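Okay, so here's the structure we're looking at.
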Amino acid sequence: MAEAKIGLIGLAVMGENLALNIERNGFPIAVWNRDPKKVNTLLETRAKGKNFIGCTSVEEFVKSIERPRKIVMLVKAGEAVDWTVSQLKPYLEKGDILIDGGNSWYQDTERRTRDLNAEGLHFIGSGVSGGEEGALWGPSLMPGGDKEAYASLQPIWEAIAAKVDDGSCVTYIGPEGSGHFVKMVHNGIEYGDMQLIAEAYDMMRRCLGMSASEISDVFTEWNKGVLSSFLIEITGEIFKYVDEETGKPLVDLIMDKAGQKGTGLWTSKVALDLGVAIPTIESALAARMMSGLKTQRIEAAGALSGPKDASYSGDKAEFVAAIHDALYASKICSYAQGMALIKTASDNNHWDLNMGEISRIWKGGCIIRAQFLDKIKQAYHRRADLPNLLLDPDFRDAVSSTQAGWRKAVTTAMNLGVPCLAMASSLAYYDSYRSANLPQNLTQAQRDFFGAHTYERVDKPEAGFMHTEWRKKAE
């Protein structure tokens, strides 16, 4: 007899914690893992005495879930998802629902949806953000796919999601692969956020010679204002941690090589395909790639010249304030780029995504949760078709009030030889976006010169595209 309200496959950290979250909120759950030892360990430890059904086979697992079955897969993106689906299919019945809670490529989600729909099965691609803590106590959830199928999952997803002042941090995103697309861009914004914070830290330690303790105090203070966010909060905590073995701040002992799992790269590729500029996010990706060149960077440090001294000789408090403004303004640009990418994908794919709702569900549970996400929600409530956050009055004024400090921080860092890829890219993005005239008139003239790619004239827009025989004209 079926006992479980829902099933979950994949008992790594995220899967185990999400299963415990589901059960704690009143939903008996069946679990299965390719390695049966993980099932046994969970049942004997964290799930002991709870409403868990541990299964040793896929068949037993599927039969233990009430119909229509709702099965969450938290496995590695790619082939592992297809393998898991293939293991389940022989035991599923029409109307059953599979939920992919991993970071899958959104077009894979669309393919799986089509294939399973043809067999009478439903598929939901649901982004899950918040790390292991979020999975256990309340993540931000981004489900997309079959809307009717989601209605069956909705009570569970709303129960386990993080809670904020205006509800659970979950909403039906839209059709097809839109849930995984939004989660992918969320991760891209996360890349940008983290790099901007790293650059602020680098300016404080290299330009101002601040200690880890001093930097911790700054981030802790910043977390009380407009920069208040999960990432700023944990950054302040990181600088407090002292290594017991050496007595040094642990952050100073960590190798400066940052990894990545691919969603940032996917975001960059999609932006290129859709023709959306996301230079802050791409700079964050480039910074991680540069960090991987540790051996080359060590050689280059001794071979390449630059400013001999990165120390800032001006007022320390004023420069810290400038760094704050640069971080906030750049952060606005990073989110503006990410939201513009989501809106463009929505328009191109006819997803009709609710931009205000997307920003709302990011207010809690997820890694990029921040105070100013409520401002983003309000911006889209004021203008649902807002093409870019920089055009919203609140964000326009915020950038205007921080612009002087932003420019000071970026130019000072550049003059002192301290790299600030993301902040500088954010500033260039802002200056490009506010420019009624850009130098691409020359670019188009060059393209027409060597490739007859044509151009339009500003004084004769009605004439359409035209071509000039440039060499003959020059002669």
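The charge dipole of region 1-83, taken about its Cα centre with unit charges on the Cβ of Lys, Arg, Asp and Glu (plus for the first two, minus for the last two), comes to roughly 220 debye. A dipole drawn for region 114-202 from +1 and -1 charges on Cβ atoms has a positive end, and of 174, 196, 185 the residue lying farthest that way is 174.
The apolar share of the surface of region 356-460, taken as the fraction of accessible area on carbon and sulfur atoms (1.4 Å probe, ligands and nucleic acids excluded), comes to 53 percent.
Annotation for residue 428 and residue 254: the two label points, set 7 Å from Cα along the Cα-Cβ direction, are 2.8 nm apart. Evaluating 6.51 cos²θ - 1.76 cosθ + 1.60 at θ = phi - 60° for every residue in region 60-66, the Karplus couplings come out as 4, 4, 4, 5, 8, 10, 5 Hz, glycine and proline recorded as x. Under the rule a/c < 1.5 gives rounded, and otherwise a/b versus b/c splits prolate from oblate, where does the chain land using the Cα gyration tensor? In terms of gyration-tensor shape, oblate. When only Cα pairs below 8 angstrom with a gap of at least 6 residues are kept, region 257-344 shows a relative contact order of 47 percent. Positive-end ranking of 284, 258, 83 along the dipole of the chain, with charges on Cβ about the Cα centre, is headed by 83.
Between the listed residues 330, 446, 436, the Cα displaced farthest toward the positive end of the dipole of region 313-456, a dipole computed from Cβ unit charges relative to the Cα centre, is found at 330. Per-peptide packing, taken as the mean over residues of other Cβ atoms within 10 Å, places 217-227, 35-45 in the sequence 217-227, 35-45 from highest down. Taking amide H as placed 1.01 Å from N in the peptide plane, residue 123 has its amide H under 5 Å from the amide H of 98, 146, each at least 5 places away in sequence or on another chain. Accessible area of residue 14 (1.4 Å probe, protein heavy atoms only, ligands and nucleic acids ignored): about 60 Å². Between rounded, prolate and oblate, where does region 301-430 land on the alpha carbon gyration tensor, with a ≥ b ≥ c its root eigenvalues, rounded for a/c under 1.5, else prolate if a/b exceeds b/c? Because a/c hits 1.5 or more and a/b exceeds b/c, region 301-430 counts as prolate. For the set 272, 353, 442, the ranking by accessible area, highest first and with no ligand, DNA or RNA atoms included, is 272, 442, 353 under a 1.4 Å probe. Across the accessible surface of region 183-261, with the other protein chains kept in place and a 1.4 Å probe, carbon and sulfur atoms take up 52 percent.
Taking a ≥ b ≥ c as the square roots of the eigenvalues of the Cα gyration tensor, region 1-53 is rounded, since a/c falls below 1.5.
About the centre of its Cα atoms, the chain shows a dipole size close to 280 debye [charges on the beta carbon of Lys, Arg (+1) and Asp, Glu (-1) only; nearest 20 debye]. These residues, 106, 335, 433, go from largest to smallest accessible area, 1.4 Å probe, as 433, 106, 335. Counting only protein heavy atoms and a 1.4 Å probe, tell me what percentage of region 304-343's accessible area is made up of carbon and sulfur. Solvent-exposed carbon and sulfur of region 304-343 make up 52 percent of the total. Here the Karplus curve 6.51 cos²θ - 1.76 cosθ + 1.60, taken at θ = phi - 60°, turns the phi angles of region 120-128 into couplings of x, 10, 10, 9, 10, x, 10, x, 10 Hz, with x standing for Gly and Pro.
Would you mind getting the accessible area per residue of the chain, heavy atoms of the protein chains only, 1.4 Å probe, in Å²?
48 Å²
Working note: 222 nm ellipticity from helices only, DSSP H runs with n ≥ 4, each -39,500 (n - 2.57), summed and divided by the residues of the chain, gives -17000 deg cm²/dmol to the nearest 500. Taking amide H atoms as placed 1.01 Å from N in the peptide plane, the amide H of residue 78 lies under 5 Å from those of 105, each 5 or more residues away in sequence or on another chain. Under 5 Å from the amide H of residue 242 lie the amide H atoms of 250, each residue being 5 or more positions distant or on a separate chain, with H modelled from the backbone and absent for Pro and chain starts.
Note on residue 238: accessible area is roughly 80 Å² with a 1.4 Å probe, heavy atoms of protein only. Of the listed residues 69, 369, 447, the order by accessible area with a 1.4 Å probe, largest first, is 447, 369, 69. Taking label positions 7 Å along the Cα-Cβ direction at both residue 290 and residue 352, the computed distance is 4.5 nm, reported to one decimal.
Using a probe of 1.4 Å, the accessible surface attributed to residue 173 totals some 10 Å² when neighbouring protein chains are kept in position.
Run through the DSSP bridge list for the chain and note the antiparallel percent, rounded to the nearest 5.
DSSP beta bridges in the chain are roughly 35 percent antiparallel.
Stretched out straight at 0.36 nm per residue, the stretch from residue 459 to residue 63 would grow longer than its current Cα-Cα span by 135.4 nm.
The values are calculated or read from the model by the stated rules, or taken from the named source; none is laboratory data. Quantities reported herein were computed from a predicted structural model and do not represent experimental measurements. So basically every Cβ, Gly included, is an ideal-geometry build from the backbone, and we count neighbours across all protein chains shown. Remember, those area values only see protein heavy atoms, side chains included, never the ligands or the DNA or RNA. Shrake-Rupley method; radii C 1.70, N 1.55, O 1.52, S 1.80 Å.
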